[in-house]
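To start, the structure itself, in structure tokens.
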Amino acid sequence: MIRAFLSYLMHSTNEHGVHSPFVFDMMTKCIYDKKPQNAYKTINGYKKALINDKTVLNITDFGAGSRIFKTNQRQVKAIAKHAGISQKRGQLLYRLCKCYNVKNALELGTSLGIGTSALALGSQHVTTLEGCPETARIAKQYFEQFKLSNIQLIQGDFEESINQLKDTFDLIYIDGNHQEVATLRYFEQLISLSHNDTLFIFDDIHWSKGMENAWQTIYNDKRVTVSIDTFQWGIVSLRKEQQKEHFVIRF
């Protein structure tokens, strides 16, 4: 991880080093947008409420496991603090939805729903998939508490849940499992639910060697035209009118 981050710092650039109009616009109008938004109060409030929740859950983990937690018994507050999406990334998720007029968003990996809240505030409708029954139960409670009524939560195995989906999505956020083979399998499944302007966001692309391999396979895929490495996230576009380019940007 340290070596990957040093490499990222060495090769990353800001908007002044980007010559693609599509990526330049994304960086200047969305990624680097510092303007305050009312929605940020709700996103931050949602996470703060979870951090004050001492409920103990028995977690069912279908993915690569946790580097932080040693047992499957975990407090809601600890999950929110150590494993939940950061404030900075939650706000960016909201901005991406608003910048690209996202009507229909899909999330793999609800967890406690912090990222889901950002998607829900930025888009018209969110479908979110979660494997663990306990975190799904808590997320539903908080969606109701914060009056986020435009969310459909599907609890179950990711692959089976994806096969049930019929819609196409404008933004697809993959934050679950974190294993090479599974990530690549989800990408293949989800391409059929995308369109020319769909944005794919892959979380934790440098989490392990396997995830780095998955990310490299994805951005080298001939169907992918624009790929952006922000270290934490990999952002992908399939826009056919774009020349194939790969970017490493500072965020």
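The values are calculated or read from the model by the stated rules, or taken from the named source; none is laboratory data. Keep in mind that what you see is a predicted model, and the values were worked out from it rather than measured. Note: ideal-geometry Cβ built from the backbone for every residue, glycine included; neighbour counts use all protein chains shown.
Among the residues of region 127-149, the one identified as among the β-branched types (Val, Ile, Thr), touching a Ser or Thr at 6+ places or on another chain (Cβ under 6 Å) and farther than 13 Å from Ile79 by Cβ is Thr128. State which residue is surrounded by the fewest Cβ atoms within 10 Å (Cβ to Cβ) when the search covers only region 117-138 and only residues that are more than 14 Å from Gln91 (Cβ to Cβ) and of a type in the set (S, T, N, Q). It comes out as Gln124.
Picking from Thr217, Thr183, Thr225, which residue would you name as being of a type outside the set (A, V, I, L, M, F, W, C), crowded, with 22+ Cβ neighbours inside 10 Å and either touching a helix residue (DSSP H, G or I) at 6+ places or on another chain (Cβ under 7 Å) or on the phi < 0 side of the Ramachandran plot (or both)?
Working: Thr217 fails: crowded, with 22+ Cβ neighbours inside 10 Å; Thr225 fails: crowded, with 22+ Cβ neighbours inside 10 Å.
On inspection, the qualifying residue turns out to be Thr183.
Taking region 72-117 as the range and being in a loop (DSSP other than H, G, I, E, B) and either touching a Lys or Arg at 6+ places or on another chain (Cβ under 6 Å) or under 21 Å from Gly234 (Cβ atoms) (or both) as the test, the residues that pass are Ala83, Gly84, Ile85, Ser86, Tyr100, Val102, Gly109, Thr110, Ser111. When region 28-49 is filtered for residues that are surrounded by 15 or more Cβ atoms within 10 Å (Cβ to Cβ) and either among the hydroxyl-bearing types (Ser, Thr, Tyr) or at positive phi (or both), the ones remaining, listed by number, are Tyr32, Tyr40, Thr42, Tyr46. Of all residues in region 197-251, those that are among the hydrophobic types (A, V, I, L, M, F, W, C) and modelled with pLDDT under 95 total 6.
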